[in-house]
1. Of (1) under 21 Å from MET152 (Cα atoms); (2) open to solvent by 70 Å² or more (accessible area, probe 1.4 Å), GLY116 satisfies all except one. Which?
2. Can you find a residue that is in contact with an Asp or Glu (Cβ under 7 Å, 6 or more places away or on another chain) and hydrophobic (A, V, I, L, M, F, W, C) anywhere in the range 133-153?
3. Determine if the range 41-64 includes at least one residue that is at positive phi and either without any contact (Cβ under 8 Å) to a residue 40 or more places away in the chain or in contact with a Leu (Cβ under 9 Å, 6 or more places away or on another chain) (or both).
4. Check every one of the helices (runs of 4 or more DSSP H) wholly within the range 42-108 and list those with 2 or more residues that are at pLDDT 95 or above and within 24 Å of PHE158 (Cβ to Cβ).
5. Only one of these is of a type in the set (Asp, Glu), more than 24 Å from PHE59 (Cα to Cα) and assigned to a helix (DSSP H, G or I): ASP157, ASP113, ASP151. Name it.
6. Could you list, in sequence order, the residues of the range 64-101 that are under 18 Å from the mean Cα position of the chain (by Cα) and of a type outside the set (A, V, I, L, M, F, W, C)?
7. Kindly list, by first and then second residue, each pair from a residue in the range 12-30 that is on the phi > 0 side of the Ramachandran plot and without any contact (Cβ under 8 Å) to a residue 60 or more places away in the chain to a residue that is loosely packed, with under 11 Cβ neighbours inside 10 Å and small (Gly, Ala, Ser), limited to pairs with Cβ atoms under 6 Å and residues at least 6 apart or on different chains.
Amino acid sequence: MAVDEAVAQPVARGYDAIMPDAPQRGVRNFFRNLAFPVTMLNALLQGKPDDAFTATGRFLMNTSIGLLGFFDVATKVGIEAPEEDFGQTLGVWGVGPCPYFVLPLLGPSTLRDAFGFGVDYAVWYYVDLFGYRSWSSDQPLVWPTLLYAVDMRANIDFRYYEMGSIYEYLWVRQLFLEFREFEIKR
């Protein structure tokens, strides 16, 4: 909470103030397009070949016509984005949510979803679409990854203890667990 209030929120507000909406959307679209291998693989592992096919079609369309994904052409023509991750895959396979906890800087999670996040990151890292991993690691201060983090925080309308209730932790935990179960059943 302290890091979010002292660093992440002010940086995100500054980014939001100086960066016009269209370039922000382009950055978000580009990073969402990079998530294609994770989505496609998890859709297959969950037995959803239609979602894997849709993810592949979106990736091909947005990468080519949408200039590496900066423009989300697929959504404009009505191809919705499936969102699948390994935490959901484990849930589909019958693994329960396990203990709930809050990861520093990353937010709410469960043991299942934290493990799934690690697997998804490893898949994304080793696939290395467009040479992003090697390119971004050569940049000073790894600014592309920082841009991704700042853009994500700028688009999450959440502040710790915003409700001012002593029950906020319980409320956030319940919402998170219900949302993840909804995603698994979808």
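1. (2)
2. Looking for residues that are in contact with an Asp or Glu (Cβ under 7 Å, 6 or more places away or on another chain) and hydrophobic (A, V, I, L, M, F, W, C), one finds none in the range 133-153, hence no.
3. In the first step, residues of the range 41-64 are kept if they are at positive phi; the result is 47.
Okay, now just the ones that are also either without any contact (Cβ under 8 Å) to a residue 40 or more places away in the chain or in contact with a Leu (Cβ under 9 Å, 6 or more places away or on another chain) (or both), so none.
Within the range 41-64, none of the residues are at positive phi and either without any contact (Cβ under 8 Å) to a residue 40 or more places away in the chain or in contact with a Leu (Cβ under 9 Å, 6 or more places away or on another chain) (or both).
4. Details: elements: 49-64, 73-76, 86-92.
Result: 86-92.
5. On the way: ASP157 fails: assigned to a helix (DSSP H, G or I); ASP151 fails: more than 24 Å from PHE59 (Cα to Cα).
Only one candidate qualifies: ASP113.
6. GLY69, ASP72, THR75, GLU80, PRO82, GLU83, GLU84, ASP85, GLY87, GLN88, THR89, GLY91, listed by residue number.
7. Cβ pairs passing all conditions: none.
So that you can scan it fast, the table gives a plain yes or no per residue for (1) touching a strand residue (DSSP E or B) at 6+ places or on another chain (Cβ under 9 Å); (2) over 30 Å from GLY94 (Cβ atoms):
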residue: ASP128; (1), (2): no, yes
residue: TRP135; (1), (2): no, yes
residue: TRP143; (1), (2): no, yes
residue: PHE158; (1), (2): yes, yes
residue: TRP171; (1), (2): no, no
residue: ARG186; (1), (2): no, no
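The values are calculated or read from the model by the stated rules, or taken from the named source; none is laboratory data. Note that the structure is a prediction, hence the values are computed from the model and not measured. Note that we place each Cβ from the backbone using ideal geometry, even for glycine, and neighbour counts take in every protein chain shown. All accessible areas refer to the heavy atoms of the entire protein, side chains included, with ligands and DNA or RNA removed. Shrake-Rupley method; radii C 1.70, N 1.55, O 1.52, S 1.80 Å.
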